[in-house]
1. Return the label of the correct value of Cα extents along the principal axes in Å, as calculated from the structure shown, out of (1) 32, 27, 21; (2) 37, 32, 16; (3) 43, 21, 17.
2. Using a Cα-Cα cut-off of under 24 Å, which lysines could be cross-linked to Lys5, ignoring same-chain neighbours fewer than 8 residues away?
3. Test of understanding: given the chain, find the longest segment containing no trypsin sites (Lys or Arg not before Pro) that are in a DSSP loop and have at most 13 other Cβ atoms within 10 Å.
4. Assigning unit charges at the beta carbon (Lys, Arg +1; Asp, Glu -1) and nothing else, what dipole magnitude in debye, to the nearest 20, does the chain show about its Cα centre?
5. Using the basic label-point model (7 angstrom from Cα toward the beta carbon), what is the Cys17 to Thr37 distance in nanometres?
6. Among all cysteines in the chain, which have no other cysteine Cβ under 4.7 Å from their own Cβ?
7. Okay, helix-only estimate at 222 nm for the chain: each DSSP H run of n ≥ 4 adds -39500 (n - 2.57), divide by all residues, round to 500 deg cm²/dmol; what do you get?
8. Out of residues 5 or more away from Thr37 or on other chains, whose amide H comes under 5 Å of its own, with H placed 1.01 Å from N in the peptide plane?
Amino acid sequence: MIQIKQISLDIRKCVQCGACTGICSYGALTLKRPEMTLQFRPEHCVGCELCIKICPIHAIESGSQ
């Protein structure tokens, strides 16, 4: 059985630091300019979980779909 990881972002915890956007090469996490707010596009996410490891406040989590 293949399990696809589903990433979720808790926007209440997020401090908009942008650390996750630097590691996401699929464009699922980007900073909207000029506001500098984090944008999460789950349809672009491949579930690699690199963003989870780099998030300094643990605002990003994963689970199985």
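Every number in this text was worked out from the coordinates using simple rules, so none of it is lab data. Predicted model, so just to flag it, every value in this text is computed and none were measured. Neighbour counts run over all protein chains shown; Cβ positions are idealised from the backbone, glycine included.
1. Only one option fits the structure, namely (3).
2. Lys13, Lys53
3. 14-65
4. 100 debye
5. It works out to 2.1 nm between the two label points.
6. Cys14, Cys17, Cys24, Cys45, Cys48, Cys55
7. -3000 deg cm²/dmol
8. Under 5 Å from the amide H of Thr37 lie the amide H atoms of Lys32, each far enough along the sequence or on another chain.
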